[in-house]
1. Using modelled backbone amide H atoms (1.01 Å from N, in-plane), which distant-in-sequence or interchain residues come within less than 5 Å of A:GLY366's amide H?
2. Using only alpha carbon pairs under 8 Å that are at least six residues apart, calculate the relative contact order of segment B:99-208 and give it in whole percent.
3. Is the shape of segment A:892-953 best called rounded, prolate or oblate, per the rule: a/c under 1.5 gives rounded, else a/b larger than b/c gives prolate, else oblate, with a ≥ b ≥ c the square roots of the Cα gyration tensor eigenvalues?
4. Work out the FRET efficiency for A:GLU231 and B:ARG293 from their Cβ-Cβ distance, taking R0 = 45 Å, and round it to the nearest 0.05.
5. Can you tell which of B:PHE99, B:PHE141, B:GLY115 lies farthest toward the positive end of the dipole of segment B:99-208, using +1 and -1 charges on the Cβ of basic and acidic side chains (Lys, Arg; Asp, Glu)?
6. Taking the Cα-to-Cβ direction at B:GLU101 and at B:GLU43 and moving 7 Å from each Cα, how far apart do the two end points lie in nm?
7. Counting only residues 5 or more places away or on other chains, whose amide H sits under 5 Å from the amide H of A:LYS374 once H atoms are built in the peptide plane?
8. Once the dipole of segment B:110-266 is set up with Lys and Arg at +1 and Asp and Glu at -1 on Cβ about the Cα centre, which of B:PHE230, B:PHE199, B:ALA242 lies farthest towards its positive end?
Amino acid sequence: MPGKLKVKIVAGRHLPVMDRASDLTDAFVEVKFGNTTFKTDVYLKSLNPQWNSEWFKFEVDDEDLQDEPLQITVLDHDTYSANDAIGKVYIDIDPLLYSEAATVISGWFPIYDTIHGIRGEINVVVKVDLFNDLNRFRQSSCGVKFFCTTSIPKCYRAVIIHGFVEELVVNEDPEYQWIDRIRTPRASNEARQRLISLMSGELQRKIGLKVLEMRGNAVVGYLQCFDLEGESGLVVRAIGTACTLDKLSSPAAFLPACNSPSKEMKEIPFNEDPNPNTHSSGPSTPLKNQTYSFSPSKSYSRQSSSSDTDLSLTPKTGMGSGSAGKEGGPFKALLRQQTQSALEQREFPFFTLTAFPPGFLVHVGGVVSARSVKLLDRIHNPAFVGIMGNTRSYKLLDWNSFNSDEPETRDAWWAEIRQEIKSHAKALGCHAVVGYSESTSICEEVCILSASGTAAVLNPRFLQDGTVEGCLEQRLEENLPAGCGFCHIPYDELNMPFPAHLTYCYNCRKQKVPDVLFTTIDLPIDATVIGKGCLIQARLCRLKKKAQAEANATAISNLLPFMEYEVHTQLMNKLKLKGMNALFGLRIQITVGENMLMGLASATGVYLAALPTPGGIQIAGKTPNDGSYEQHISHMQKKINDTIAKNKELYEINPPEVSEEIIGSPIPEPRQRSRLLRSQSESSDEVTELDLSHGKKDAFVLEIDDTDAMEDVHSLLTDVPPPSGFYSCNTEIMPGINNWTSEIQMFTSVRVIRLSSLNLTNQALNKNFNDLCENLLKSLYFKLRSMIPCCLCHVNFTVSLPEDELIQVTVTAVAITFDKNQALQTTKTHVEKSLQRASTDNEELLQFPLELCSDSLPSHPFPPAKAVTVEKASPMGEGNFRNRSAPPCANSTVGVVKMTPLSFIPGAKITKYLGIINMFFIRETTSLREEGGVSGFLHAFIAEVFAMVRAHVAALGGNAVVSYIMKQCVFMENPNKNQAQCLINVSGDAVVFVRESELEVVSTQQPTANCQPSCTGGEVTT
Amino acid sequence: MTSELDIFVGNTTLIDEDVYRLWLDGYSVSDAVALRVRSGILEQTGATAAVLQSDTMDHYRTFHMLERLLHAPPKLLHQLIFQIPPSRQALLIERYYAFDEAFVREVLGKKLSKGTKKDLDDISTKTGITLKSCRRQFDNFKRVFKVVEEMRGSLVDNIQQHFLLSDRLARDYAAIVFFANNRFETGKKKLQYLSFGDFAFCAELMIQNWTLGAVDSQVDDMDVDLDKEFLQDLKELKMLVADKDLLDLHKSLVCTALRGKLGVFSEMEANFKNLSRGLVNVAAKLTHNKDVRDLFVDLVEKFVEPCRSDHWPLNDVRLFLNQYSASVHSLDGFRHQALWDRYMGTLRGCLLRLYHD
C-alpha cells in the first residue's frame, strides 16, 4: 500500500524576533519526509507569517509512512549568512494510517527548539491517501491499531485476545558518536530525537506485523520504552497484547435493567451462601479458625523464606517443575486443559492488560517477578550475570558470544527473564501472566532488567475462536462466584508451591483462598471490597560500594535478594497496619546508582471480602526481663494497635463479624512466634513443609532485636495518612468511591534532593528517601486542597539516581474530585450499572441478570453500604456522575485538552480513539541560571511537553489523552557550567470524548423496584 | 538533605489567588511564606512550613513564566503552554493590570519615562508599596501607553482590545494614558485632596468632549490629544470677562435666576466676577502647553478654593454652575455659544467632581 502524503503550511504566529535590527523575522518553512524536502516562500518581516502554501505531496511506501515522522522546520531567511533555525515540529502520521482513527491532522503546533524551547506556533494540515495494493509482500502493518490503555478500549469489544507481542530495536546513540564532538548540541539533540522517532516507528511497524501474523487487528496495553545505554547504544523496546477488536456500534443501547429488589443486593456475591453469619456452613476445619486479632503464622514464615525475588505468593526456589500443577478438582482440570491448548502454542502466555472483560480472569495466583543484572560493557569478556528469581543461581555467561550492539543480545536477555516468569507462573498452577510489564535501570555499564506480572488462570473463551458457546455452558456449570472467584487459589492446596495459610473463601465458603493476595493488576470490576483502599508504599535504600564491571554486577546481584525481601516485608507490615488484606497494581522498582540501590514499591491496598481478616502486628522484645524495655515494647504495641484501629475507621473497613471463627486463645503463644530475620534468605524448599495441623497461629510478629528493626517499626508509624477528604491509590480507580465528578487534574511533580555525603548510612539514607516521598505526597495534598473531596488516582512514582548524591523522584497522577453527597445513591444503583456494563461489554446479556435476580432474595445480614462492589467508572456506568464544573466555557482560541493516566474520563464517554501519542523530547540549556535554575528549567520543559501533547491531540481532532504516561524523565545538570539537559518520553491514547448530560437518578420508588436504568448514555453535550 | 529541584506542573495550570496577590504585591518568596503562615493556613490544612515554602516557590515560578505573556494579554489566550480556564485567564490579567490608588496618584500626569522610573524608589518609600510592585504598575502604565498612544479609534476600546481588561479598568487606563500624554499636573499640594477617581472622571469628560475624537472619529491620536483648534478658539471666550457690559449682564442674569435659591447668594454675588474671570481665563490660557498642564491647579485655585472658603454647599455650586453656563445663551452679544457649551459642559462636570474636601 504505497500512499501519498500531503502537507500544507498555512501560517505561523508568535514567532521569535530573529532580526534585532527590525524586530521582525523573515520566516520560511522546510517540510521534510524521508529524503524529500519542500520549502515555502519566505514571508518577509512578520512574526505572524501567512504562508498559505500549496499542497506538498510526498509519494512514499507505507513502510516509510509508518517509520518516518514528518519533519517541519521553521527558519529565518538570511541573505548573507546561513539561515537560522527557529525550531521544528515532528508529526507522527501513524494515526492517519488506519481507517477508524483521524482522517486529517490540522492545527497549531508549537515550534520546538531543543535549546530555546517553544518558539511560536505553526498551523499545518496533513493528509494521507493510501492506495490498496494487497499483493505486495507486506513489510508494513498499516491498519493495526495501537492502544496504550491496558484494558479493552471503551468503544471496542474483544473478540479474541491473542497474547503477548514484543520487539526491540537497537542503534548507536548519536550522542556518543564521534561526530558529536564537532556538531552543536542542537544538532546532536535533533539527531537523537529523530532517531528515536524513527526507531519507534520501526518498532511499531514490526509489532504490527507480528499482530497481523497472529491474525489480530490491534495491540492493547502497548508499552514502549527506551534504554539509554550510553556507549553501548540505544535500545527501544516494546511489549503489548495482540487482540482482535470489534467496534461497538451503539454502546449506549441498554437492555432493560432487571429488578434489583434491595439495595443490599449488591453485597451478595453471586451464588454465595445467603446467610453466612448466622450459622456456620461447612465443616469447621482448623483452617478456618481464626481470630480477629491475629493471622496464621505461616504468613510469617513465608515472609522469612521469600527473600528471593518473587513476592507474595510466588513459588519457592526451584519450583520450575510441574509439581504444583496438580489439579484441584475436575473443573480446574477441564479449565486448564482448555486454556492450555489455547496458551501452550504461545511462547509467552503474557498479557500486558491490567483490567479484563468480565469472566476473563478466573483465578489469580500472585505476583511473579524476575530480575537480572547485566553488564553493558562489551570489552570485558566474561561477565558475571546474576539471574534473580526463583532459581537463585547465578549463571556465568560467556560474553564473547554476545555482541551487545545487536538486538539478539537484548532479545536473549529478555527471553531469559520471560522464561523465568513463565516458570514461576507455572509453579503457581497458573498458565498465564497478566498485568505484565518490563523495565530497566541503568547505571554506567550495569543494567538491571526486571519483569513482573500476576500469575493467573484465564478463561479460554477469549483466547481462541469459536469456543464461545461451549464456554458459556461451562460457565453455567462451574458457577464461578463473581465477587470472589479470582481470589480462589489456582494451585493445589495439598501440594502448595510455598507455605501459605489457606482458609475457605469468606464469600462463597466453597473454595480455598490465601490470607493475603498481591497482584499487579487493577482490582477486577466485580471484586467485593469492604471500605476504601489506599496507596501503600515500601521504600528502601541500600548503600553499595563503588565498583567496576563484574565486581559491581556481583555486588548488585548480592544485594537484590535482601532488597526484595525487605520491600516485601515493609509492604506486608504496612498492609496489615492498614487492616487490609490485598494489594493491587503492585509495582516494584529497583534503581541502581553509583553507590546505592533504591527500591520503591507502590500498590493499592484493599480489604477483599473474600479473604480473611488480616491479623495484627505483634512486637516482641528480645530481652523480656528488662522492665523499662518491656514497657517500651508495650507502648509501641499500643501505638501499632491504635494505628490499625484508626486506619480501619479511616478506610471504613468494617467486615462482618464472623462469629464462628473466633475460637482459641487470643494471645499467641510465644513459642509459636518465629523470628523475623532480615538476613535469612537461603532457606530452601519449603513446599511440602506446610503443616496444616497448626490451626492457630499468631499474628505477624515483628521482633525488635536491634536498632534496625526499631527503625522499621518507627518508619511504619511515620507514614502519615492523607489529610481528610483525600484518598490515594495507584490503580485506575479507588475502591469504594464511584461518584466521580468531571473535575480532573493530571500533574507531574519532580523532586531532586542532594544527600549530604557525611552521614551516608543505610538508616540515614532510608530516612531521607522516606521523607522525600512523604513530603512530596504532603505537598501534593496541599496543592490540590481546593479539589477536596478528592482522590489521587494512578499515582505513579519513579525513582532515579542521576548522580552520586542525587535522588530524583518523579510522580505523575490524576486528582479527581468526587461527590460526597451522592455516595448513597451511587451505591444503590451501582450493581445495576456494573451489570449493564458487563452485559454491554459482552454478549452475556442474560447471564448476569439471571444470577442476580436469583440471588437477591431475602434481606441480608451484612450492613448495607459497607461492602461495595468495585466498579470501574466506565462511560456507561457514570450516569449519575455530576458535572460540577461550570458549563464548558467556549474558549474561542485554544480548545481544552484533558490529560489523564486513566483509561477513562469521569462523567464522559469516549467515542473515538484517534491513535497513539508517543513523543520524545530533549531540552538543553547553557544558561541554566537565566532560566530560573534547575527548577525553572524543568518546570518550563514539562509544561512545554504537556503543551505539545495537547497540540497534537487537538490537531488530530481529539479533546483528551487517556492512559497518559511519562515513561522517562532523565534529568542531568551541571550547575558549574550553567548547563542542564533533560529527556522526556511520554505516551498515551488520543481520544474524542463527549460529556454525559447530567442525569438525575430516579430512585424514589419503593426499595424493591429501583430498576431505573440510571446510566443511560442520554444526550450528550460536547 | 537539601532540595535541589522541586516542581509541580499540572495539565491545568494551578493558580492560587492568594499567592498571586502576594506576588503582585512584590513580596519575596520568604516574605510571602511568612505572610501565608500568619494567615493561619498551616492550621487549616495541617501542612508544614516546608510544604508552604515549596508551594509558594512553585506558584512564583509559574507567575514568573506567565508574566511574559501577561505583557501582551492576547498572547495568554492564544498560547499553548499553559492550559488555563478562561475565567482564570481573565482574573490573571485583571489583577496584573490592577494598580494601587496611592501609586497611581504619584505618577498620574507624569511623563512615563526612565526619569520617572528612577523616582520609583522614593514612591515606594512614600507609599509603602514594594518597589517591585511599583515597577510592575509603572511598566503596565508605560506599556499600555506605548501601545495605544498612536492608535486610531476609541481609547477605551483600544485598551480593551489589546489588553483584554474589564470595562472599568480600561477606563482607568484611558485616564492614565490621557493624563500622561497631556502631562496634567496632579502632584501639587493643593491637589492632594483629589483621588484618582476624581481625575479619571475629569479625564473621561475631557476625552469625550475636548479631544479630536469628539469631532472626528477617524483620526490618529484622536482620544489622546486635545483638540488644538478648540483650544485656540477658546480665546474667543475672553470677551465674556473682558467686555464689561457682557460681564455685568451675565452676572445679573445669574443673580436674578438664583436669588432665593442659594444659601450663599451674597457670597456668590460678591464673588461672581472673580469666579467668572477665573473660569474664562483658564479657558483662554489653554493654548499654551504649560497652562494646559496646570489646568487642575488653576481650577482648584480659581474656583474650588474660593467657593470652599465661603463654605458653598455642593448643591449651591451645582446650581450656580448650571445657571452660569446657561445664562450665556441669553447674552445677545456673544456668538460662541457652541464653543462655550463644549468648554463649559465639560468644565462644569469636572468642577462638581473636584468640589469636595
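No value in this document is a laboratory result; all are computed from the given coordinates. None of these values were measured; they are calculated from a predicted model. So basically every Cβ, Gly included, is an ideal-geometry build from the backbone, and we count neighbours across all protein chains shown.
1. Answer set, sorted by chain and number: A:ALA455.
2. Values: 96 pairs, mean separation 38.4, N = 110.
It comes to 35 percent, rounded to a whole number.
3. On the way: a/c = 2.68, a/b = 2.41, b/c = 1.12.
Since a/c reaches 1.5 and a/b is larger than b/c, the shape of segment A:892-953 is classed as prolate.
4. Approximately 0.05, to the nearest 0.05.
5. After comparing all options, I get B:GLY115.
6. If labels sit at B:GLU101 and B:GLU43, their model points lie 3.1 nm apart.
7. A:CYS447, A:ILE448, A:LEU449
8. With unit charges placed on the Cβ atoms, the residue in question is B:PHE199.
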